[in-house]
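In what follows, a single structure is set out as structure tokens and then discussed.
The values are calculated or read from the model by the stated rules, or taken from the named source; none is laboratory data. A quick note: this is a predicted structure, and the numbers were derived from the prediction, not measured. With ideal geometry, Cβ positions are generated from the backbone for all residues, glycine too; neighbour counts draw on all protein chains shown. Heavy atoms of the whole protein, side chains included, go into the accessibility calculation; ligands, DNA and RNA do not. Shrake-Rupley method; radii C 1.70, N 1.55, O 1.52, S 1.80 Å.
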Amino acid sequence: MAFLTKYFAAACIVLVLAAIAGCGGGNLTTAATDIIGTQRRANLTRDKLTGLWDGEVVSTDGIGRQTIVLKFAQGDGFDLDGSILIGSEIRIGSAVVRDTFALVNGVFKEGDIRFNLAPDSTAPVIVSEGEPVLFLGLLSENDFMSGELKAGGRTLGFWQAVIGDTTALSGGSG
């Protein structure tokens, strides 16, 4: 019986080592990111974006910060076109300075959020170095959403927002 126990333990160790050796290309950082992503998706609690979301955009170096308000008025939350992003001197690619943008080409599906910016909903989208600026994000638990601000393959910054005061609208107008 002791022989079988040792044989079984040795076989288990060989299988574990083989499994570890076969898992190439990963690291602890990507594993942690995958776990966090899975947890966020498992904790989705909202299926609508209607209302005001108080947020912030932070540059990739962490130095530049911009307070924003996202205003969604779509009822069921699945079409972001015509919504408004309000802030103070929003700068993207060191070129655009405004305080109000329309969110266009927006998609909100199963917690994933994606939209571009434009001076108004009928204007061309904002570009940075020739590439459309795209907000990518995920709506997660406790009325919180966050994501990246990208243009082509470049990450310009990170953003986050929480559901805010739906009775008053702060910010400017463009």
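Closer than 13 Å to Ala161 by Cβ and either modelled with pLDDT of 80 or more or not in a loop (DSSP other than H, G, I, E, B) (or both): is that true of Leu70 in this structure? Steps first, answer last, please.
Details: closer than 13 Å to Ala161 by Cβ: yes; either modelled with pLDDT of 80 or more or not in a loop (DSSP other than H, G, I, E, B) (or both): yes.
Here the answer is yes, as Leu70 does meet what is asked.
Residues that are aliphatic (A, V, I, L, M) and open to solvent by less than 20 Å² (accessible area, probe 1.4 Å) within the range 97-137 comprise Ala102, Leu103, Val104, Ile113, Leu117, Ala118, Ile126, Val133, listed in sequence order. Scanning the range 79-111 for residues that are modelled with pLDDT under 85 and acidic (Asp, Glu), we see that the one that is nearest to Gly152 (Cα to Cα) is Asp81.
Any idea which residue in the range 44-57 is farthest from Arg154 (Cα to Cα), counting only those that are modelled with pLDDT of 85 or more and open to solvent by 30 Å² or more (accessible area, probe 1.4 Å)? Lay out the reasoning, then the answer.
Initially, the range 44-57 is screened for residues modelled with pLDDT of 85 or more, giving 52-57.
Then keep just the ones that are open to solvent by 30 Å² or more (accessible area, probe 1.4 Å); that gives 54, 56.
On the way: Asp54: 25, Glu56: 19 Å.
It comes out as Asp54.
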